[in-house]
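Asker: Structure below; questions to follow.
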Amino acid sequence: MKFKNVSEQRHKNMSSIKGKDTRIELALRKELWRRGYRYRKNYKGLPGTPDIVLIKYRIAIFCDSEFFHGKDWDIVKARVGSGNNGEYWVSKIEKNMIRDNETDKKLFFLGWTVIHFWGADILRKTDECIKVIEDVIVDMNIKNIRLVK
């Protein structure tokens with residue numbers, strides 16, 4: 001398949017980018033498993049097919065790459081737009097951001113807690129990411145105790 005204004009090397013690089021079992025997902029899943037949390041991966045039973053789902057706690061986790069999900073988009077947008085095939089990438093990333101937001105709303109409406117982590121944060125600060133998840137679980141348990149009283 002050929003794309004307009006795309007070199008063969010660029011096409012090869014982009015087609016090798018995985019959507020499942022990425023390095024960032026594996027890092028977070030490995031640490032969750034090590035700490036005794038059991039999860040489902042790429043759970044198709046929920047909108048957006050979250051990367052990791054802790055069903056017991058109704059937590060959906062997304063491991064987002066900085067480029068494709070628009071980290072610091074206000075700053076990066078101009079650079080992406082001026083690059084190779086800029087209009088395409090700006091449009092694609094903005095659609096991804098809109099889709100992510102709509103998915104979060106759907107999950108929230110269904111009673112799920114949604115957590116997004118940036119890939120670099122997962123790789124460099126895995127313990128902090130786990131702490132965020134554990135803090136959410138503790139907060140949920142506290143709210144459940146208050147509701148029971």
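Asker: Which entries of LYS56/LYS105; LYS77/LYS143; LYS56/LYS92; LYS41/LYS71; LYS92/LYS143 have Cα-Cα distances beyond 32 Å here?
Answerer: LYS77/LYS143; LYS56/LYS92; LYS92/LYS143
Asker: At a Förster radius of 22 Å, what calculated FRET efficiency corresponds to the Cβ-Cβ distance of ILE98 and PHE67, to the nearest 0.05?
Answerer: So the FRET efficiency works out to roughly 0.85.
Asker: Could you pull out every one of the aspartates and glutamates with an alpha carbon less than 20 Å from that of LYS131, ignoring same-chain neighbours closer than 8 positions?
Answerer: The reachable aspartates and glutamates, counting only those whose Cα sits under 20 Å from LYS131, are GLU25, GLU31, ASP51, ASP64, ASP121, ASP139.
Asker: HN-Hα J couplings of segment 91-104 from phi, Karplus 6.51/-1.76/1.60, θ = phi - 60°, integer Hz, Gly and Pro as x?
Answerer: Karplus values, whole Hz, x for Gly and Pro: 4, 4, 5, 5, 5, 4, 5, 5, 4, 4, 5, 5, 4, 4.
Asker: Sticking with this structure for a sec: With labels modelled as points extended 7 Å from the Cα through the Cβ direction, what inter-label distance (nm, one decimal) is found for ALA78 paired with PHE109?
Answerer: About 3.7 nm, to one decimal.
Asker: What order do you get for 137-144, 97-104 when each peptide is scored by the mean count of other beta carbon atoms within 10 Å, highest first?
Answerer: 97-104, 137-144
Asker: Taking 22 Å as R0, compute the FRET efficiency from the Cβ-Cβ separation of ASN141 and ARG38 and round it to 0.05. Numbers along the way, then the final one.
Answerer: Working: r = 17 Å, r/R0 = 0.77.
About 0.85, to the nearest 0.05.
Asker: Under 20 Å from a label point 7 Å along Cα→Cβ of ALA120: give me every residue in segment 25-67 with its amide N that close.
Answerer: 25-28, 62-67
Asker: Relative to the compact-globule scaling 2.2 N^0.38 Å, provide the ratio for the alpha-carbon radius of gyration of segment 20-148. All intermediate terms of the calculation are to be shown ahead of the outcome.
Answerer: Working: Rg = 16.1 Å, N = 129, 2.2 N^0.38 = 13.9 Å.
Ratio of Rg to 2.2 N^0.38 Å for segment 20-148: 1.16.
Bear in mind these aren't lab numbers, they're just calculated from the coordinates by the rules spelled out. Just so you know, these numbers come straight off a predicted model, no measurement behind them. For neighbour counting, all protein chains shown are included, and Cβ atoms are generated from backbone atoms with ideal geometry for every residue, glycine included.
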